[in-house]
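One structure below.
The values are calculated or read from the model by the stated rules, or taken from the named source; none is laboratory data. Everything numeric here is computed off the predicted structure, so don't read it as measured data. Cβ atoms come from the backbone with ideal geometry, glycine included; neighbour counts cover every protein chain shown.
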Amino acid sequence: MREEDLQQWKLLERFRAALDEQVQRAGGLQGTWADPRRQTQLADYLSLYLFGLFNPVVRTMRGLCEASALPRVQSDVCSRAVSLGSFSEAQALVDPELLGALFAELAAASRPDAPQLAGLTGRELVVDSTVWQVLPRMAWAFWRRHSGSNGGPDHAVRLHVHFDLARMQVRRAELTPAKVCEREAWERMARPGELYIGDRYYSYDYSKLGRLQLRDVGFIVRLRLDTQWVVEQEETLSPADLAANAIWAGTVRLGKAGEGPRVRVISLSGETENILLATTLSAQEAAPELLALLYRHRWQVEMFFRWLKCILGCRHWLAESPRGVALQVYLALIAGQLLVLYSGQRPNRRQMEAIQFYLMGWSDERELLAQLKRCAPKAKKTA
């Protein structure tokens, strides 16, 4: 990154411009946002919300509203002071799908400096989800009840993502209560022509795998070790496959009697147990060696979840309604995309602190550039 590039670090201005474009594409402001008597505008409300995610001081809705009374915050963020009642009321007036579409637009526009992983074609997506615990009084997010005398109810939300391995970023995301089934979300969000890489949970329902195949949705999913199938054709493993710990490969019909979908199964020797992978890819499209490599890359999504929760700071809830929580998570994703747009990568903890000092006015462009370079992670070789 060059110093002249940092002159364009106007994250909130970029957000407001992208938001305005998205609103216009959606047909303009809707509902009371279009009422000329409204004092708190949509861009002001969402910018204040986003400001709270970037600011290391604010942790509550009340604190954010107090900050809106500061002249500089009004000048740079929200135009006017926002009362607690106005901020709370605005949650119900914003459609989370608007921010979902805005996030998708920013994700498509960014070109992060992601490490180039071998064997990728650009259509490989990791399908996974992560859970956030929420407050017990948020009854709408009830998930499950613990067993035992000391057990209590869990309340949580779940973020379902499709993570692009070639660009190391989320391509699409959806927030739901945690009790929503991950397989149901995958089937609903999946698109033809894409190849999804998932863990064992996504392979439990053979009927869903069959329906995805009919829609031309590709997948590489891990199977349980007790999975049964009927072998139709066995493959001959190459020396490269054997070197990748492949011990068997063939085309099978899943199910004890072969009543499930036809897939290709690869057995890999792991450190503690064998790994079974089922895929729609033929032997001509992907050798067992490549399938093992692609599945190993699946863990990149876990690194993203850790960054989203720990580095970006999406842990303190500024709102408690379903829409308020959805807005905060989508804005956290948007904040991450804005950072990638300007820095070319997801900042680590030290770099995020440097960015926050810069945005708070405690460092200038030259100091930020030096600190970003000094704290940059060392490049790692990828397979």
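Key figures
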| item | result |
| --- | --- |
| Hits in region 15-49 (condition: surrounded by 13 or more Cβ atoms within 10 Å (Cβ to Cβ), assigned to a helix (DSSP H, G or I) and of a type in the set (S, T, N, Q)) | GLN22, SER47 |
| Count - residues of region 50-65 that are closer than 14 Å to GLN328 by Cα and part of a helix (DSSP H, G or I) | 7 |
| Evaluation of VAL82 against (1) exposed (fewer than 13 other Cβ atoms within 10 Å of the Cβ); (2) in a loop (DSSP other than H, G, I, E, B) (one fails), failing number | (1) |
| Check on VAL161, in contact with a Phe, Trp or Tyr (Cβ under 6 Å, 6 or more places away or on another chain), in a strand (DSSP E or B), surrounded by 22 or more Cβ atoms within 10 Å (Cβ to Cβ) and of a type outside the set (Phe, Trp, Tyr) | no |
| Complete set of residues in region 64-79 that are loosely packed, with under 15 Cβ neighbours inside 10 Å and at pLDDT 90 or above | ALA69, LEU70, PRO71 |
| Count of residues meeting criterion [over 20 Å from LEU195 (Cβ atoms), assigned to a loop (DSSP other than H, G, I, E, B) and among the hydrophobic types (A, V, I, L, M, F, W, C)] in region 205-233 | 1 |
| Members of region 15-59 found to be basic (Lys, Arg) and either outside the structural domain of GLN356 (by TED's automatic domain parsing) or closer than 17 Å to HIS316 by Cα (or both), listed by number | ARG59 |
| Given (1) within 30 Å of GLN30 (Cβ to Cβ); (2) surrounded by fewer than 18 Cβ atoms within 10 Å (Cβ to Cβ); (3) at pLDDT 90 or above, number of the condition LEU98 does not satisfy | (2) |
